[in-house]
Each structure stands twice: as structure tokens, then as C-alpha cells.
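Have a look at the structure below, then the notes.
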Amino acid sequence: DERGHRQRREQYDGGAAGPRGDLLAEQSQAGRRIHDAGFPRTKRLEDFDHTANDNVDPATIATLATGTWVSSGAPVCLIGDSGTGKSHLLIGLGIAAAEAGHRVRYVLASRLVNELAEADNDRTLSKVIARYGRVDLLCLDELGCAPRGAEEPCGRRSPPLAIAVAG
């Protein structure tokens, strides 16, 4: 009968709120956090080609992948020339953090500046700042790059841009 079938299925699955049900719920929540983060594409840390950039230490990336730095609020800065995998690593770290339960937001630096300027004009700046303040990890990409469509692509600015950040 249907009731017996459902009971056997719940026993096999670990119960409605058992291990399998919990795993499916967590996967669904992680998928939602990844979607809500606004990543432009999926890039995973395990897909990063360490042979293409020997300056990236796999052990350091493995340590960062644990997400303890997000929990403690420690900053991470990825610096390098254009085409060295900074965006791949940034997105991969963001996805790993979202999968670990952190609220993440990805945004291009130029878009964030535009969003803040528009919010200031619309007198909604505090609301926008509060929205960004609710995330555990803000992945800010292409800091120091020219806007899309500019004559010089990102990373080929002359003279090179020096960046100083205070937190």
C-alpha cells in the first residue's frame, strides 16, 4: 500500500528530515546562495590550471577553500597581471564560500561605483550600503580596470595603476 511504500522510502532515504533530506535541502540552499551571489559564470577552484601560473600556490588555495578566512573576516587580495586567473580564483573562492553557507555577492568594481553613485543621486545610498553590508563575502572584481569598451583592456594600462586599500 502507499503508506507502507512511503515508510520504506523514508527509511531508505534516511527519513523525511534524515540525512538524504538534509543533504538535498543544503544543496538547494547552496545553489540559491550561488545564484544570489551574481557570479557571471561558474568557475571552480578544482578547475584552476596551476601549471599555467606557477605563482599560485595550490596549498594556499586549498587553505582559502576552507572558508575560515571568511568566517574570521580576514581580507584576501588577488594581485597579478591580466590573464593570470585572478577572476577564476575569485569566483571559485566565492562559490566555495557560498557552498559552505556564507552569503556572497560578486560585483565588478566599475558596476559597484556606478550603483553607489546612482543610489546617491536617488537618495537611496544607505539602503544600497545596507544591502551590501548583509553579505559575509563581497567579491569585488576588476579593481583598477578600465570600464568595458575602453581603448585599453584590463591589465594593459600605461602607466600601471597602483592600488592601496584600507579596511
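Structure summary
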{"quantity": "Unmet criterion (only one of (1) open to solvent by 60 Å² or more (accessible area, probe 1.4 Å); (2) in a helix (DSSP H, G or I); (3) under 15 Å from Glu142 (Cα atoms)) for Ile79", "calculated": "(2)"}
{"quantity": "Residue count for segment 30-56, restricted to those that are surrounded by 13 or more Cβ atoms within 10 Å (Cβ to Cβ), assigned to a helix (DSSP H, G or I) and not charged (D, E, K, R)", "calculated": "4"}
{"quantity": "Residue check for Cys154: over 20 Å from Ala37 (Cβ atoms) and either at pLDDT below 95 or open to solvent by less than 60 Å² (accessible area, probe 1.4 Å) (or both)", "calculated": "yes"}
{"quantity": "Any hit, segment 86-101, residues being surrounded by 11 or more Cβ atoms within 10 Å (Cβ to Cβ), more than 14 Å from the chain's Cα centre (by Cα) and not aliphatic (A, V, I, L, M)", "calculated": "no"}
{"quantity": "Condition check for Arg111: within 14 Å of the chain's Cα centre (by Cα) and either hydrophobic (A, V, I, L, M, F, W, C) or not in a loop (DSSP other than H, G, I, E, B) (or both)", "calculated": "no"}
{"quantity": "Enumeration of residues in segment 109-131 that are out of contact with any Leu (no Cβ under 6 Å at 6 or more places or on another chain) and either open to solvent by less than 40 Å² (accessible area, probe 1.4 Å) or under 13 Å from Asp36 (Cβ atoms) (or both)", "calculated": "Leu112, Glu115, Val128, Arg131"}
{"quantity": "Cβ-Cβ under 6 Å pairs, at least 6 apart or on other chains, segment 120-131 side under 17 Å from Val107 (Cα atoms), far side surrounded by 12 or more Cβ atoms within 10 Å (Cβ to Cβ)", "calculated": "Leu125/Ala119; Val128/Ala119"}
{"quantity": "Subset tally (residues that are open to solvent by 40 Å² or more (accessible area, probe 1.4 Å), assigned to a helix (DSSP H, G or I) and of a type outside the set (Gly, Ala, Ser)) for segment 57-76", "calculated": "4"}
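The values are calculated or read from the model by the stated rules, or taken from the named source; none is laboratory data. Being a predicted model, the structure only gives us computed values, none of them experimental. Cβ: placed from backbone, ideal geometry, glycine included. Neighbour counts: every protein chain shown. Surface areas here come from the heavy atoms of the whole protein model, side chains and all, with no ligands, DNA or RNA. Shrake-Rupley method; radii C 1.70, N 1.55, O 1.52, S 1.80 Å.
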